[in-house]
Ligand SMILES: [Zn+2]
């Protein structure tokens, strides 16, 4: 059973957590027009890498807060745990973030407001 | 609105009768479990750096907002950390409305109070082997050197979510959702059979 | 004892051993009464009585004896206890003896001495590797009806207690520790001393009854100038005195999972004649350790020769255990068969206690060490460069066939000769116990020098020490362990120092076994005697060779094909021998052959311990509402809704469910009904962005809702499919109260928290569950208003003062309440929320006030009928995650004005509005009494050929006592355009298809007049 270091409560058993799947999936805003296929990139497509994976966890039985984690899916090592809305700092996790195919998708670009200059989406 | 304390009403455990198991030879000590009903409980949501809110809570409860995994519990009122922007205020019966009104009218920004006095049941657990007993269904490190007096965590006991607070070396407060309380009493008295136990309803 | 004690066994030495001679006990084995002592294991007590034959083997039903003295025992599995305390597959070598213990042998029928299954042995050539795969391949029906029952009867290890009711108590517990040390031998003790000295929390666990490990079996070793046993005693005492050390004996670590999570099985009362009720028989410990020290020592390997499984053939080390720990002679005339020096210690000890050592057969051509010289000096005959070819004897070993061999090739080079013996003490080398290390994904490496695998890389925060780490000499092992213990404590964050290794004196010897994987035999090829590699699964050397000949070259394939290492002992003794034979057959060195993974559990563990107290009423929680006691007193039947227990219906005077539900429905429509709706999810919304957040959550608008008004909302997932529904009320400017379905409450709250925390953290909204803060009672029906008025309500309940879909704080019967005028029945309806502690009081007041008005309690079944008559959906019944609002005919609830909400973009996909989607319709049967089963599929023509073209399925179906006919809803392809058309519902079991017509979903009061009473 994994031991997960909740950034607020400290290390707890895996049974206290829920895994929320891939992190850093930006939600396209409805005001931006994208094709169904592009929308599917957001809605359906998920990575399943062997190695470093950036994912979201929620400490459901504890503080109920969400956070991000970089976990090695082979060794189960938690390389880094970092706040929701922020980007990882460790090299392995940064590389995983930068190299994700998703960074180039139309659905990710559509997560930014069409007119306004900046949007504050925690997932991005 | 009239306070919910107008009438005592029925506690979360009013349908559960007393339970007793004899103290066997070689027991590390008897466990006593009691219901501590009719405390007023307020769920407080507030950013931890809200200085005005912190000062007001201190005025109302005599406690500053405790940090992670801590409960400030000296005196009549207690404040229990539940999360980075969430606390549970425990006060004497009938106090909730006044405390909430004080907070709600104070213009503290993004702060909210919700009364949850009825949503939870409270048990006190006493006895020398309390830590051993609780560890049977709880994965938290309950070592006396780690889970010191004043430590408070939200975690799982058996199949129920709870708030667990160490009040001293051999005493704990277990707070659970009302509907889970009969299960929790059954679970904890069962886990205490090894030591001998008395459960006393309020 | 008040019964006459039987005589102590004739193989017991007059003194010595670690048994308590002051406490003789009697026990029964296969119906016969024997004597033993406290401190004996069942195995040692049986051997003391000259009983070697204790079981039959799994496949061939060959007579089997006691091979080892520990938990690695593959043969001596017995049933212990009687009635519902009977436990199968207990290793006799581990079972501590107590007065009155009753044991039975397994795998034999009708008796141990005469076993019919043993004919399998005569038919041995029909049971080769892969036999089951080859024979029982087809036809399938044969498998189910013929093969499987035969195999089940013939095979299997032991039987579970007959009445399947385990009377014993089992518990689980959690423990955190800085250092967990697995294995309490000398290495474990050294590691514990080092680690504990640092102040770290140390747990030391050992499977045996007392600490000391293999050293308890040795008689010729001194530590600090004194017998090793003294040092052990002293060390254990020192550790016991330390408050930071926890010692568990009779505790096996059987699982090593991720992040240093380990499981231990402690036998708490297994060894007691009377198990006290207040203690568990066994306790499973779930350990989270900062660092783990594995000090599990090694397993001695058997040698492979014909008849090596016969009773009387034992591991050489085990022979020393029985003599030194239990003062038991396992035989009178022994032959030592070895490929290393260690077995010479056994030869010398046997000689010491008066057992004739008839010969030492050593595979090595020129063994030379102090031990060998000592044996020769005592006049023992040492046959170097020889091998045992075969062991004869029917139920016990009797004669050994021995011959000179070419030590390199294993070819028999000399004329065989015979030696009589009733004991063969064999040693084929030593295998470090890397099982847990490997289970934890640690890597192992082949040590060509010591001819074994030993740990190399660690995956978890762990360290292997001593023999477990491939350090076989005592001094080396102790130093290794002392350093390991200190390193573990340091890794756990403590300042630690390795304790000094005391002076050690043990016979110097060569532990390296001679490498000969081929089994020496002079038999004609193909007719070699059965030589067992895996004793428990009856896998022979020939089986492995056959597997290779048939093309199985991967170690994983050979394992599965032969089942080697797959029995409950997980190949503790057999793995290396099997790999050796495989490497010899393939002509590849062992590291290239590879090894299989060691899996959980390391040793068999009772299901009782794994289940703990998660049984019966503690298996799951049952959540009760505050009115639960009333429902029970009034004869309610209950149904589970999630974890909640909800009143289902209230039968009166022997009513059937149908009768009760019909009465409850009718009474609600004509007078009034009262429902306990406390289980509905309730969430408090606070903050300036609460309205905005609700707008994004629901398909419709909530920010414009006026204070004091309620609105029904539909929540979608971002794929556009319906997820939950409920009524949300605006209590104040920045304050909303949301209700969710009973089953969806927790999900919806987490779902909303997820959006708030991960997608829209800029929104100032706080959510708090208030499901249990409020008890909810719904009063519904034309008399609802009158009942509330009769009770004394502080606010006017007229349509003008209190319109439909509005809310007010009030006092009812003097109690403060929140009243919501909403309806799930289509009748005039008030949903009254009250602080839960007063829930029952209010319910009782309402029942009393309602009596003159015909108020009837109704349960969830009547609630379903009432809502189905009105065509109200239930999420999770009418929807299944693939249904969107258009499908439900609820396009009206999807806002066109809002720039975004969850599910908006997905709803815009063309396919979401296609006419051939499954759409919700009403179904009216031609026969008013016919009730279509829920889930039934609709077809246009019931006579069409299979497979029929199916239109969709019925989602809800009830009998409406008010309308006098059944009402149903169904999701049918293109259903919205098919109203008025006839459809059929084919039935199973030869029943006639049900004919029905597609209708609107609202069957009752389509205009909605009744909502105002
Ligand atoms: Zn947490």
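The values are calculated or read from the model by the stated rules, or taken from the named source; none is laboratory data. Remember, predicted model here, so these are calculated numbers, not experimental data. Don't worry about glycine lacking a Cβ; one is built from the backbone with ideal geometry, like all the others, and counts go over all protein chains shown.
In summary, residue A:8 fulfils each of the numbered conditions (1) within 13 Å of the ligand (Cβ to nearest atom); (2) touching a helix residue (DSSP H, G or I) at 6+ places or on another chain (Cβ under 7 Å); (3) not in a strand (DSSP E or B) with the single exception of condition (2). Determine whether the range C:780-800 contains at least one residue that is within 11 Å of chain B (Cβ to nearest Cβ) and not in a loop (DSSP other than H, G, I, E, B). Checking the range C:780-800: not a single residue is within 11 Å of chain B (Cβ to nearest Cβ) and not in a loop (DSSP other than H, G, I, E, B).
Each row is one residue, and each column tells you yes or no for (1) closer than 29 Å to residue C:302 by Cα; (2) part of a helix (DSSP H, G or I); (3) assigned by TED's automatic domain parsing to the domain that holds residue C:197.
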| site | (1), (2), (3) |
| --- | --- |
| C:450 | yes, no, yes |
| C:458 | yes, no, yes |
| C:467 | yes, yes, yes |
| C:472 | yes, no, yes |
| C:476 | yes, yes, yes |
| C:481 | yes, yes, yes |
| C:486 | no, yes, yes |
| C:493 | no, no, yes |
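Across the range C:190-210, the number of residues qualifying as over 23 Å from residue B:143 (Cβ atoms), crowded, with 24+ Cβ neighbours inside 10 Å and in contact with a strand residue (DSSP E or B) (Cβ under 9 Å, 6 or more places away or on another chain) comes to 1. Among residues of the range C:88-106 being out of contact with any helix residue (DSSP H, G or I) (no Cβ under 7 Å at 6 or more places or on another chain) and under 27 Å from residue C:533 (Cα atoms), the one that is surrounded by the fewest Cβ atoms within 10 Å (Cβ to Cβ) is C:89. You will find that of C:263, C:246, the residue that is in contact (Cβ under 8 Å) with a residue 12 or more places away in the chain, more than 30 Å from residue C:501 (Cβ to Cβ) and either crowded, with 22+ Cβ neighbours inside 10 Å or away from chain A (no Cβ under 14 Å) (or both) is C:263 and no other.
With respect to (1) within 16 Å of the ligand (Cβ to nearest atom); (2) surrounded by 20 or more Cβ atoms within 10 Å (Cβ to Cβ); (3) within 28 Å of residue A:112 (Cα to Cα), the lone exception for residue A:52 is condition (1). Of the residues examined, residue C:34 is not one that is surrounded by 21 or more Cβ atoms within 10 Å (Cβ to Cβ), assigned to a strand (DSSP E or B) and touching a residue at least 60 places away in the same chain (Cβ under 8 Å).
The lone criterion from (1) modelled with pLDDT under 95; (2) within 12 Å of chain B (Cβ to nearest Cβ) left unmet by residue C:744 is number (2). Residues in the range C:691-717 that are in contact with a helix residue (DSSP H, G or I) (Cβ under 7 Å, 6 or more places away or on another chain) and surrounded by fewer than 19 Cβ atoms within 10 Å (Cβ to Cβ): C:701, C:703.
May I ask you to list the residues in the range A:16-38 that are within 16 Å of the ligand (Cβ to nearest atom) and either at positive phi or within 11 Å of chain C (Cβ to nearest Cβ) (or both)?
Across the range A:16-38, the qualifying residues are A:18, A:20.
Residues that are free of Cβ contacts under 8 Å to residues at least 12 places away in the same chain and surrounded by fewer than 23 Cβ atoms within 10 Å (Cβ to Cβ) occur in the range C:737-751; there is at least one. Could you pull out the residue among C:758, C:771 that is in a loop (DSSP other than H, G, I, E, B), in contact with a strand residue (DSSP E or B) (Cβ under 6 Å, 6 or more places away or on another chain) and within 14 Å of another protein chain (Cβ to nearest Cβ)? Unique residue meeting the criteria: C:771. Only one entry of A:62, A:85 meets the criterion of being within 27 Å of residue B:44 (Cβ to Cβ), within 14 Å of chain B (Cβ to nearest Cβ) and more than 16 Å from the ligand (Cβ to nearest atom), and that entry is A:85.
Only a single item in (1) touching a strand residue (DSSP E or B) at 6+ places or on another chain (Cβ under 7 Å); (2) more than 16 Å from the ligand (Cβ to nearest atom); (3) over 21 Å from residue C:750 (Cβ atoms) is not met by residue A:41, and it is number (1). Taking the range A:65-80 as the range and being in contact (Cβ under 8 Å) with a residue 12 or more places away in the chain and away from chain B (no Cβ under 14 Å) as the test, the residues that pass are A:68, A:69, A:70, A:71, A:72, A:73, A:74, A:76, A:78, A:79, A:80.
Looking across the range B:149-194, the residues that are in a loop (DSSP other than H, G, I, E, B) and either within 19 Å of residue C:644 (Cβ to Cβ) or facing chain C (nearest Cβ under 8 Å) (or both) come down to B:158, B:159, B:193, B:194. Restricting C:280, C:302, C:311 to those that are within 30 Å of the chain's Cα centre (by Cα) and in a loop (DSSP other than H, G, I, E, B) reduces the list to C:280.
Meeting the requirement of 1 or more residues that are free of Cβ contacts under 8 Å to residues at least 40 places away in the same chain and within 16 Å of residue B:9 (Cα to Cα), the strands (runs of 3 or more DSSP E) wholly within the range C:807-866 are C:807-812, C:815-820.
In the range C:598-621, of all residues being within 7 Å of chain B (Cβ to nearest Cβ) and surrounded by fewer than 18 Cβ atoms within 10 Å (Cβ to Cβ), the one that is nearest to residue C:252 (Cα to Cα) corresponds to C:618.
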